[in-house]
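Below: one structure, written as structure tokens.
The values are calculated or read from the model by the stated rules, or taken from the named source; none is laboratory data. Predicted model only: the values in this text are computed from it and were never measured. Neighbour counts are summed over all protein chains in view; Cβ atoms, including those assigned to glycine, are modelled from backbone coordinates with ideal geometry. Ligands, DNA and RNA are excluded from the accessible area calculation, which covers all protein heavy atoms including side chains. Shrake-Rupley method; radii C 1.70, N 1.55, O 1.52, S 1.80 Å.
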Amino acid sequence: MYRIKGKKTIIKICGITTANETEYLNKVKIDLVGMVLFFEKSKRNITIDNAKEIMKTLDDKIKTVAVVVSPTIDQIEEIENAGFDYIQIHGEMPVGIFDKTDISVLKAFNVNDMEMYDEYSKISGIKGFVFDAAEPGSGRTFDCNSIRDTKRSEKWFILAGGLTPDNVAEAIKTVKPDGVDVSSGVEKGDGMGKDYEKIRRFVRNARGQEGGML
Ligand SMILES: O=C(O)c1ccccc1N[C@@H]1O[C@H](COP(=O)(O)O)[C@@H](O)[C@H]1O
């Protein structure tokens, strides 16, 4: 296990769509903010220009993650030039990504398809892994027990997929991930935009697991 006793759980809130939402993200002191780009099927998809506006309002301590599905090299270069700290890649990784760009990658895995996991674990440009349910951003859960014994390394091991303020503590206790990632579970009832109270409870319940869980 690489999770160090007392180490803070990394918290990523994903699917931010407006600069109005950053005020409360700054207040609750999360670590990573995700923005969905180049994926029009998602209701959370935003443009690079929108993303740059959001970034201007974020606390410097919060790192930014561009969330994409099977991106092209051109899209990755745009993301890098926009100043994102990380790119979270669902689906395919483009050939030559590590020759042509320097951006740090979080590779997302559908937990039902971990075939490339061992190979990607050897790539230094990959900062970490996000373990997600079959349909990203759907709010669907999966049985966390299925990944609790997955081989770990120094790379971030981030749990995603259907997390909510009510299940995050138990999920952390079961999997002991380096971080947790949520989108649907902290949205308003109508699914449009984030709900401050849900974010606050999510962070409180995730942080409540630190120290005592190990
Ligand atoms: O949120 C989306 O619409 C999305 C679109 C494309 C790829 C990933 C997406 N979201 C990611 O899905 C996981 C889990 O989300 P949820 O909490 O189950 O809604 C998270 O990593 C989001 O970044």
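Values computed for the structure shown
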| read-out | value |
| --- | --- |
| Among the residues listed as 97, 87, 10, the single one being of a type outside the set (Gly, Ala, Ser), closer than 27 Å to residue 151 by Cβ, open to solvent by less than 50 Å² (accessible area, probe 1.4 Å) and over 19 Å from the mean Cα position of the chain (by Cα) | 97 |
| Residue check, residue 123 assigned to a loop (DSSP other than H, G, I, E, B), away from the ligand (no atom under 12 Å from the Cβ) and either over 30 Å from residue 20 (Cα atoms) or in contact with a helix residue (DSSP H, G or I) (Cβ under 7 Å, 6 or more places away or on another chain) (or both) | yes |
| Residue list for the stretch 132-153, filter: within 17 Å of the chain's Cα centre (by Cα) and more than 9 Å from the ligand (Cβ to nearest atom) | 134, 142, 144, 147 |
| Residue in the stretch 63-80 that is within 13 Å of the ligand (Cβ to nearest atom), part of a loop (DSSP other than H, G, I, E, B) and crowded, with 16+ Cβ neighbours inside 10 Å present | yes |
| Matching option when the condition is closer than 21 Å to residue 185 by Cα, within 14 Å of the ligand (Cβ to nearest atom) and either in contact with a Gly (Cβ under 7 Å, 6 or more places away or on another chain) or polar (S, T, N, Q) (or both), among 30, 10 | 10 |
